[in-house]
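Chemist: Handing you a structure now.
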């Protein structure tokens, strides 16, 4: 939002007329010269070059404050994704000939952006801002070339429309599940379709994210996008336990659920998870919108199924209340449904639905052990549920 949108239009005009400065410059240089934009990561060179680039747009092209703030925010998001995925916020080196796999690293960043942003135009704006930034660097011989221009060939983004929400049909979910061949593939489907995880969350899971010794076994996520959260584990705890056991390293306390074969990484990347999910879908011959589904489609499908569960319960209650002469179906849900807790009702219905779709999925059996920090005293899942 620009400063004129915050009630400073009179100040903006006076500063421009009498002093030749923008409101942005006034607040940054006069009111609080130390109040710098908080870019993600610690790569000061990238921070400084983005600042130089944006200042050049103001000085030479007269861009409005609101436009600069939008570009700043988009470039910061790209830096954030770069930091999350590659453990480095350095964007500049992606334009160096000496950097290996530069373009693939950009694709990794924009694959996540493609999943998390709904608006086609917003995606294109991120792409356009990055192209502009690299062009600025290239003209000053800070980089060797502009790697972002080729992104236009990778994606089919249209300024004029928003992303349609593609979800998987129940038949497609069944086919995807049946196409899984390994325990790891089953866990991937369980997490993304069965529990609605974000793509980036799967690779980050370790043994300590799974809280089993509780009334409602769940996945604990401390670093979620919006705030810390938990996801109830409704099905597939035995597959997850087996996967954790297989990846367990003696003496380690935070084994990843999806360990990497790369000696330099503990866990696989989200790009790897995305490829594995798509491989399962390709094997099942499943497409959505003429494209191979991604974990994001699994997440959207989970949301759709949960909403359907709620609607189905409400419809049943409505029918029952009509037969009994009640005007309020919530009375039926509250007083006559066998489970008293509302969330438990939805979870039980969702669990039933998932068991129908993930055909043959076996729940935990007595004696199935769940990896614990102390392997000699590992409890069993059957003790917790």
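Chemist: Which is farther than 30 Å from residue 242 by Cβ and modelled with pLDDT under 95, of 205, 113, 197?
Modeler: 113
Let's see how each residue does on (1) closer than 24 Å to residue 173 by Cα; (2) in contact with a strand residue (DSSP E or B) (Cβ under 9 Å, 6 or more places away or on another chain); (3) buried (at least 17 other Cβ atoms within 10 Å of the Cβ):
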{"residue": "229", "(1), (2), (3)": "no, yes, no"}
{"residue": "234", "(1), (2), (3)": "yes, no, yes"}
{"residue": "238", "(1), (2), (3)": "yes, no, yes"}
{"residue": "261", "(1), (2), (3)": "no, no, no"}
{"residue": "264", "(1), (2), (3)": "no, no, no"}
{"residue": "267", "(1), (2), (3)": "no, yes, yes"}
{"residue": "274", "(1), (2), (3)": "yes, no, yes"}
{"residue": "284", "(1), (2), (3)": "yes, no, yes"}
{"residue": "288", "(1), (2), (3)": "yes, no, yes"}
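Chemist: If you scan region 53-66, which residues turn out to be free of Cβ contacts under 8 Å to residues at least 12 places away in the same chain and surrounded by 15 or more Cβ atoms within 10 Å (Cβ to Cβ)?
Modeler: 63
Chemist: Within the bounds of region 131-149, is there any residue that is over 24 Å from residue 68 (Cβ atoms) and modelled with pLDDT under 90?
Modeler: No, region 131-149 contains no residue that is over 24 Å from residue 68 (Cβ atoms) and modelled with pLDDT under 90.
Chemist: Modelled with pLDDT under 80 and assigned to a strand (DSSP E or B) - does that describe any residue in region 228-236? Can you show your working first?
Modeler: Step one: of region 228-236, the residues modelled with pLDDT under 80 are 228-229.
Still in the running and assigned to a strand (DSSP E or B): 229.
Checked region 228-236: at least one residue is modelled with pLDDT under 80 and assigned to a strand (DSSP E or B).
Chemist: Take residue 191 and decide whether it is touching a helix residue (DSSP H, G or I) at 6+ places or on another chain (Cβ under 6 Å) and assigned by TED's automatic domain parsing to the domain that holds residue 361.
Modeler: For residue 191, the condition - touching a helix residue (DSSP H, G or I) at 6+ places or on another chain (Cβ under 6 Å) and assigned by TED's automatic domain parsing to the domain that holds residue 361 - is met.
The values are calculated or read from the model by the stated rules, or taken from the named source; none is laboratory data. Just so you know, these numbers come straight off a predicted model, no measurement behind them. Because the Cβ atoms are built from the backbone with ideal geometry, glycine has one as well, and the counts that use them run over all protein chains shown.
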